[in-house]
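Let me begin by presenting the structure, written as structure tokens, before commenting on it.
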């Protein structure tokens, strides 16, 4: 055995080597993350830096470095390794390194290792938008990503906003944002939700600095607002900018809309003479502008189909109307512009309109900039605006559904932009009624004939049913609509999609084997068979976020229930009524004769945002509804 002459010195040397190795990777080791930042977090942003330099009105450089530790698989979405570019944007630096839990390097990616693909899906005919990315599959958790990117672009209409906390379940050790504007090009800044967060700000005429430190993760709570409504965001826009080489000036929405009209839309509304003649012939008997608009909308739906065509100025300029007319397809911009041009031919005024689609999100009415992801058409109608979704071949005239309803949009007129709000479908407008006759057999089976009528967003939820095959429709009823009813069979069905009145009607014949519990002395069944409201919100010992009821609705159910001849109904449940700020709930029973009774239910939920203190009362309301929905009735043998 070899003995060291200086054992303590050896131990000291070993310690120093270990310490230096640990120090070298301490920035990337998950062991150094403060415990409070791991709480409720799927990922921790260790250090995110964004530096933007506006060199000229038409020249911008954006550099980003992100160090993020992913704690579990749910955090992978916060560690994206990609950068977009196009003909106007050149990537000048791109790299990524993956480290393990202790901060040791696992994998290193240089720009040549990134995959280079189109940034749009197969439904897009043409686009110059591309993305370079790494599809990394983690081998263990936690791991840390260091991602660095830089690009140069001549488009300054899109200045990256500062979003230091990009959603729920993400904590931030440090996030910084630097915007340099050495030529002092006039700019506008809007800060949202800063008050409750530890944001440091330093600014001057030519530079803007933000820093956020040690922000714990925000846990999503049932029916909370969208994260962008409560987390800090800084929006920045130049008053003078370029978009794909097109110069623009705007300090408000009126000016911005005027720029869009003159630079992106003007001259793109030409329609061929043959199409004009055809249109004028179609509307020759129409007596009102509304009739003309309906005829033109139907013509457009029958003639075109949606295909994404991201050409023009950064995907913002529509392809010309006569080109859409020739090829029979277009994207939301092209089809909306085309429909506008058709309406011009028949003398009906309409306006190209920019909107955020799908998620209900407003254009910021107080901060003009390039916003939105979709285009629809606005038709003024004596103060009762008509809104047209031009990408759908099946959408009823003037109906938006939940895709673009009830949100601030930018209407582009020749005089400039105007912020308007699209049609809304609130509370009892979203109506579903069911009228049914139900017969219970001696063996506990159910036979039912139902007529279900849906309007508003409840129409939107079912309007596609008529596109199903018979097999698909039956599967939908059994596995989705009434999945809680075992042994349910769809014996007959008839659907009517009334697009003129935006009403969807279903006539259904249904049966359920062994629905009731039957023994020698008692026959027990649940009275609410076909529209059960069993939802009970999650309980929180301490609620931290506001309550948001995103969509109101009303259901009215009326059933006549016939019991088996050998049983009698000795007890009718009491009527019940609940009334709260969140909505109302009513059930009532009426004995018609010895073998028949009626059951009626009415529920109204009201859209709205409520303080966190109201959540307990809301949960109690929902719990009471669920209890009543589970009500059972017992029949006694005669």
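The values are calculated or read from the model by the stated rules, or taken from the named source; none is laboratory data. All figures in this text were calculated on a predicted structure; none of them were measured in a lab. All Cβ positions, glycine included, derive from the backbone under ideal geometry; neighbour counts span all protein chains shown.
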Considering only residues that are in a strand (DSSP E or B) and either farther than 18 Å from residue 555 by Cα or free of Cβ contacts under 8 Å to residues at least 40 places away in the same chain (or both), which ones fall in the stretch 590-607?
590, 591, 592, 593, 596, 597
Tell me, please, whether a residue that is touching a strand residue (DSSP E or B) at 6+ places or on another chain (Cβ under 9 Å), part of a strand (DSSP E or B), within 30 Å of residue 193 (Cα to Cα) and touching a residue at least 24 places away in the same chain (Cβ under 8 Å) can be found in the stretch 494-503.
no
Could you pull out the residue among 265, 279 that is crowded, with 17+ Cβ neighbours inside 10 Å and under 26 Å from residue 368 (Cα atoms)?
265
The lone condition residue 87 fails out of (1) farther than 30 Å from residue 129 by Cβ; (2) modelled with pLDDT under 95; (3) within 39 Å of the chain's Cα centre (by Cα) is (1)
Just for helices (runs of 4 or more DSSP H) wholly inside the stretch 266-368: which have at least 2 residues that are free of Cβ contacts under 8 Å to residues at least 24 places away in the same chain and within 30 Å of residue 242 (Cα to Cα)?
321-327
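For (1) touching a helix residue (DSSP H, G or I) at 6+ places or on another chain (Cβ under 9 Å); (2) modelled with pLDDT of 95 or more, each residue gets a yes or a no:
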{"site": "293", "(1), (2)": "yes, yes"}
{"site": "296", "(1), (2)": "yes, yes"}
{"site": "312", "(1), (2)": "yes, no"}
{"site": "329", "(1), (2)": "yes, no"}
{"site": "332", "(1), (2)": "no, no"}
{"site": "339", "(1), (2)": "yes, yes"}
{"site": "347", "(1), (2)": "yes, yes"}
{"site": "352", "(1), (2)": "yes, yes"}
Enumeration of residues in the stretch 467-511 that are within 16 Å of residue 446 (Cα to Cα) and surrounded by fewer than 16 Cβ atoms within 10 Å (Cβ to Cβ):
483, 484, 486, 487, 489, 491, 492, 509
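Yes or no: the stretch 590-607 includes at least one residue that is at positive phi, modelled with pLDDT of 95 or more and either in contact with a strand residue (DSSP E or B) (Cβ under 6 Å, 6 or more places away or on another chain) or not assigned by TED's automatic domain parsing to the domain that holds residue 511 (or both).
No, the stretch 590-607 contains no residue that is at positive phi, modelled with pLDDT of 95 or more and either in contact with a strand residue (DSSP E or B) (Cβ under 6 Å, 6 or more places away or on another chain) or not assigned by TED's automatic domain parsing to the domain that holds residue 511 (or both).
Against the definition (more than 30 Å from residue 415 (Cα to Cα) and modelled with pLDDT under 95), how does residue 197 come out, yes or no?
The answer is yes for residue 197.
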Could you figure out which of (1) surrounded by fewer than 18 Cβ atoms within 10 Å (Cβ to Cβ); (2) at pLDDT 95 or above isn't true of residue 382?
(2)
Among the residues of the stretch 213-260, count how many are in a strand (DSSP E or B) and free of Cβ contacts under 8 Å to residues at least 12 places away in the same chain.
1
